[in-house]
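Here, each number is a calculation from the coordinates, and none is a lab measurement. What you see is a predicted model, and the numbers here were worked out from it, not measured in a lab. Glycine also receives a Cβ, built like all others from the backbone with ideal geometry; neighbour counts cover every protein chain displayed.
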Amino acid sequence: MYRHLEGRLTQHVRDFLRRTYDLELPRIVIEQPPRVELGEYALPLAFELAKKLRKSPRKIAEEIVAGLGAVPGFEKFELAGAGYINAHVKREELASALAADEKPRAQVPPGKILVEHTSINPNKAAHIGHLRNAILGDTFVRLLQFAGRDVDVQNYIDNTGVQVADVVVGFLHIEKKSREEIEQVTRQPRFDYYCWDLYARVSQWYEQNKENRTARHQVLHAIGEGGNETAAIADVISIMVLRRHLMTMDRLGIEAFAKLKESGVLYLETEGKNKGCWVMKRAGASVGEGEQLSEEDQKVIVRSNGTVGYVGKDIAYHLWKFGLLGRDFGYRKFYHYPRGHDCWISTTVGALDHPHFGGVEEIYNVIDARQAEAQNSVIEALRALGYNRQADHYTHFSYEMVALTPRCAAELGYQLSEEDKARSYIEVSGRKGFGVKADDLIDSLIASAKKEVDDRHAAVAEPERLSIATQIAVGALRYFMLKFTKSSVIAFDFKEALSFEGETGPYAQYAVVRAGNIFRKGGMEPDQFTGEEIDFSKYFSGEGGNEIWELWLASSKTSYIIDQCIATAEPAYLAKHAFQLAQQFNYFYHRYPILSEPDEERKKFLLTTVAVVRRELIRALAVMGISVPPVM
RNA sequence: GCGCCCUUAGCUCAGUUGGAUAGAGCGUCUGGCUACGAACCAGAAGGUCGGGAGUUCGAAUCUCUCAGGGCGCACCA
């Protein structure tokens, strides 16, 4: 609703400027006044116009206020400060529309969007950094879906790379296991944990003796060729680890379609260290007319042995995403989610009947900031091939890593150098087996939540207590990963991540539970309160009126905030908003007794207020993938 | 060396397109449960927005510069 009114206001201001001053502004800036008494929207545009029109901002603001005329939904426009124009909405109109849950239609751009996220190397257990990726990606998918977009999700897996090869080396050369024995091990419940440790051992083994690295090259080569024992082993391992990753993410309600990777921008370099390779200009490198591209500005796409490197594969993959490759993969069902969806995986020979994947309008790649250069290379390649429109709709959804605080690392039993102890955070390393595994974190969150639930709700049956604890754990984890902006490195600490108080998911869940309790105690349903027969104008005036109005106004902003999250590719704004809404509700909850309100009409109004806030909070949380337990 | 990111309260972080008095959580201190459940709320203390210069009616936000920290710069992915 808030977004809708803002749009209308922008339109009227635009018309007025054109009519009166013959002016066309690229953007009408609309802000929010510091206090609701001042109005719901603030326009600083008189300051901007002052120079163009050679008049004082105050004078211009006066003219605009006088000339704007009536705008549907708005009460009045006021001049404030040195030249602000504050717009006051008709509170009772907005409230009544909000109570009835009216949703003004918004324009939805056509075309499908593809979000790539999770994409973990299938050679070890997922860790907290992967959780950030998956949670950000999944939330962004939900944001787009909320806005009415058609979204596909892909989890891009490279089962032919060095990382998988290294684990194969571990099984064959360190543990000296046969194919049968390896297959036996893959059936362990947490096979990915086994690989986590083995992968770290392999790295050590390489350190011990440089010659051990020849094993890597042999295995890598065998996997690349295919059709042999080693390749079959690599396949079994990567498929089983991938399955484990899907299960881990499933615990958090994250679903994806998986895709395995199988397999003129360029020129053949004939001299120097890149001799025999097909190379392209590295993203960001500038070359003058007729100048040679220096070695350090070259990016190798095809190696001298004919195999294709990561960026090369990624260019092909992205051509496919935009439907420019001219050929498609085969697909088969791979994993069935309990909520009814299927996860498909690409293969050489697939099922005849499968959904259409690829050929999308826009793409978002949830990939961490360290790979910015590689991502830019792919975009550069698309442009060089003439696909500028596609390159413009290619977004590297970049986020910073999750590191560990030195204290957390010490708790996990890692030996730290004096230098590391002084740092504010330490990067995790899969190679060293240094990090917090995703399932371990989820386990401890559930255990910790379970303890709280057991203490508070001894009367509730055991399976239900576990289910409540799980919802709280997921809420805490997802909120934790979303409350930081993408550009901020998360210094992970168990104490903070396991907190259920303050700015956390459970805080917001608790506000919804409390709101629900009011209706439960009163023997009512929240759906009953749709605002009919309520004279809202009685309750939004005066001091107390502003207070409650603030809660209504915040509730009206869900789609406005979600639009901003999409435009800026920043889900953290929604997390912030949900928290603030919960906070305002808790304030209201303490200040206004509702069930004991003697005035029946006012009581109905207060109950409607609760119903609206509860509904919007549930909505906002759902977009973050957070559900609310029946009791807490 | 080159490129990208970061520096805001004791700690962890918000501050969207420059705008009205720079905010929140945690921690500390003080107070509030016979209940619409305290996983909550109220109050207090706590700031040269890393330093400097510039643009602007107006800068935490834009530009330059210096300092400190991080991450990239493989025929790895």
Task: Sparse-neighbour loop sites [GluC sites (Glu not before Pro); region A:353-394; at most 12 other C-beta within 10 Å; DSSP] - done: none
TODO: Report the FRET efficiency, 1/(1 + (r/R0)^6), for A:Ala410 and A:Ser541, where r is their Cβ-Cβ distance and R0 is 60 Å, rounded to 0.05.
DONE: 0.55
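Is region A:388-516 rounded, prolate or oblate when judged by the Cα gyration tensor, a ≥ b ≥ c being the square roots of its eigenvalues, rounded requiring a/c under 1.5 and prolate requiring a/b larger than b/c? Each step should come with its number before you reach the end.
Details: a/c = 2.37, a/b = 1.33, b/c = 1.79.
Here region A:388-516 falls in the oblate category.
Among rounded, prolate and oblate, which fits region A:549-632 when a ≥ b ≥ c are the square roots of the eigenvalues of its C-alpha gyration tensor, a/c under 1.5 means rounded, and a/b larger than b/c means prolate? Before the final figure, lay out each step's value.
Working: a/c = 2.69, a/b = 1.98, b/c = 1.36.
It comes out prolate by the Cα gyration axes.
Classify region A:174-244 as rounded, prolate or oblate, taking a ≥ b ≥ c as the square roots of the eigenvalues of its Cα gyration tensor: rounded when a/c is under 1.5, otherwise prolate if a/b is larger than b/c and oblate if not. Write out the running numbers ahead of the final one.
Numbers: a/c = 1.98, a/b = 1.21, b/c = 1.64.
Since a/c reaches 1.5 but b/c is at least a/b, the shape of region A:174-244 is classed as oblate.
Find the percent of Cα-Cα distances in chain A that exceed 48 Å, and round it to a whole number.
On the way: 50601 of 199396 pairs.
Looking at chain A, the distances longer than 48 Å represent 25 percent of pairs.
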Task: Cross-link partners of A:Lys59 among lysines (Cα-Cα below 20 Å; sequence separation of 8 or more within a chain) - done: A:Lys51, A:Lys76
Task: Backbone N within region A:77-111 under 17 Å of label point (7 Å from A:Arg19 Cα along the Cβ vector) - done: A:77-78
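Counting Lys +1, Arg +1, Asp -1, Glu -1, what net charge surrounds A:Tyr587 among other residues with beta carbon under 13 Å of its beta carbon?
0
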Task: Per DSSP, loop trypsin sites (Lys or Arg not before Pro) in region A:56-138 with at most 13 further Cβ within 10 Å - done: A:Arg105
TODO: In debye, nearest 20, what is the charge dipole magnitude of region A:84-234 about its Cα centre with +1 on Lys and Arg Cβ and -1 on Asp and Glu Cβ, if you could check?
DONE: 300 debye
Task: Within region A:317-442: Cβ-based charge dipole about Cα centre, in debye rounded to nearest 20 (Lys, Arg +1; Asp, Glu -1) - done: 280 debye
Task: Positive-end extreme of charge dipole, chain A - chosen from A:Val167, A:Val115, A:Ile363 (charges on Cβ) - done: A:Ile363
Open item on the list: Just want the answer: with Cβ charges of +1 for Lys and Arg and -1 for Asp and Glu, which residue in A:Thr608, A:Gly39, A:Gln208 is farthest toward the dipole's positive end in chain A?
Closed with: A:Gln208
Open item on the list: For a quick check: with amide H placed at 1.01 Å from N, whose amide H comes under 5 Å from A:Glu75's, ignoring anything fewer than 5 positions away on the same chain?
Closed with: A:His88, A:Val89, A:Lys90
Task: Highest to lowest packing among A:438-450, A:620-632, A:45-57, scored as the average C-beta count within 10 Å - done: A:620-632, A:438-450, A:45-57
